[in-house]
Amino acid sequence: MAKAYLLLADGSVFEGRSFGARGTRAAELVFTTGMTGAAESLTDPSYAGQIICFTFPQLGNYGICKDDFESEKVHAPAVVCREICETPSNFRCEMTVSALLERDGTVGIAGVDTRRITQIIRTHGVMNAAVTDAPPTPELLERVRAYSVTGAVAAASVTEPKRFAPEGARFSVALMDYGCKKSIITGLMQRGCAVTLYPHDTPAEAVLAGGHDGVMLSNGPGDPAENAFEIAQIKKLMGGIPVFGICLGHQMMALAQGARTAKMKFGHRGANQPAKDLKTGRVYITSQNHGYAVEGASLAGTPGELRFVNVNDGSVEGVDYPGLNAFSVQFHPEAHAGPLDSGALFDRFTALMGGEGHA
């Protein structure tokens, strides 16, 4: 392997080996703690504009299977890992991680101290960085420090509506695409829902005119407060037809009702985040991928009621809107590749649409 370099915004340089595509990519460096789910993470649109540092020591040992994709391509511009496996062993394997990254123009660096990199992020917070196959220069450091994630939702969304319908569908769901994961569509279809995937900038009036039984707001990348138009449409949607928001959709629902969001120090990314249901006392182990969170104190005076909290840091994990026939969660109940603890939230949504439940 040729040499590669990871340059952090604080000037730190880590030398390693290149894999995947060649070149230079500057973005925001984040870490994920998932032990499995490499294909799912790499193709998750929520990673647009971010360099993924995998904390698990080896990446790619069971290869890549296209059935595990959450979208059609890798959205992260760069990947960082301790060890890259080029000889995967799995009967489902269709290609290596390196081949996938090369196909989609994502650069990779292996052979670096990912524990040290993670400690830096945990101590100082998420920071910009670059992965490059050329020795870093002062000009590259300036470029890294100037980088910001903008326009990510528009880049990740479909541009035309798409319909997915299982045989004998009981419900019709409008799914707003802010960077939607395929597993959300799958989770709805498994519960008898025909799904119409709408572009992020579809007016609320057009969605409501579709005669749907409910609206789902998807996950997605970037700062939720940047999406002023989408937030205004969500406000129009909430109040009649059942609405269920996940991740970015959850954050924008809160903003639509007058709450606030803030950037977290290093976010939650991985498959082991504990979320406590304040109504039942049950703790769910959840899959998450976000760098922003709803500010709990800002829910006061809004129609939202705190429902889930993160056991580790007390951050908001879910909000109910009982007067608006809506609810939202920060974590991913569709969780592919797991854990599957909170999949019943899809059943809660279908019960709302069938008039059998309440938010």
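Some observations on this one:
- Contour excess over end-to-end distance, with Cα ends at Ala155 and Glu356 and 0.36 nm allotted per residue: 68.6 nm
- Only protein atoms count toward the accessible area here, which uses a 1.4 Å probe; on segment 10-112, the carbon and sulfur part of that area reaches 47 percent.
- Close amide-amide hydrogen proximity is noted between Phe308 and Leu278, Glu317, Gly318, Val319, each under 5 Å apart and 5 or more residues distant or on a separate chain (H modeled in the peptide plane; Pro and chain starts excluded).
- Unit charges on C-beta of K, R, D, E only; dipole of segment 17-84, Debye: 400 debye
- Residues whose amide H falls under 5 Å from that of Val195, counting only those 5 or more places apart or on a different chain, are Phe164, Ala165, Val173, with hydrogens built in the peptide plane.
- Taking every protein chain into account, the accessible area of the chain amounts to 39 square angstrom per residue (probe 1.4 Å).
- Axis of helix 344-353 versus longest Cα principal axis of the chain: the two differ by about 40°, to the nearest ten degrees.
- Residues listed by number, segment 18-37, amide nitrogen under 19 Å from Met264 label point at 7 Å toward C-beta: 28-37
- Here the ratio of the Cα radius of gyration of the chain to 2.2 N^0.38 Å is 0.98.
- Seen from Gly111, the other residues with C-beta closer than 14 Å to its C-beta sum to a net charge of 0, counting Lys and Arg as +1 and Asp and Glu as -1.
- Most to least packed among 96-103, 334-341, 135-142 [average Cβ atoms within 10 Å]: 96-103, 334-341, 135-142
- Within the same chain, lysines fewer than 8 places from Lys181 are excluded, and of the rest, those with a Cα less than 21 Å from its Cα are Lys66, Lys73, Lys162.
- Against the rule of thumb 2.2 N^0.38 Å, how large the Cα Rg of segment 106-181 comes out: 1.76
- Dipole magnitude of segment 218-359, debye to nearest 20 (Cβ charges: Lys/Arg +1, Asp/Glu -1, about Cα centre): 180 debye
- For Ser183, the shell of other residues with beta-carbons less than 9 Å away shows a net charge of -1, using +1 for Lys and Arg and -1 for Asp and Glu.
The values are calculated or read from the model by the stated rules, or taken from the named source; none is laboratory data. Please read these numbers as outputs of a predicted model, since none were measured by experiment. Because the Cβ atoms are built from the backbone with ideal geometry, glycine has one as well, and the counts that use them run over all protein chains shown. Ligands, DNA and RNA are excluded from the accessible area calculation, which covers all protein heavy atoms including side chains. Shrake-Rupley method; radii C 1.70, N 1.55, O 1.52, S 1.80 Å.
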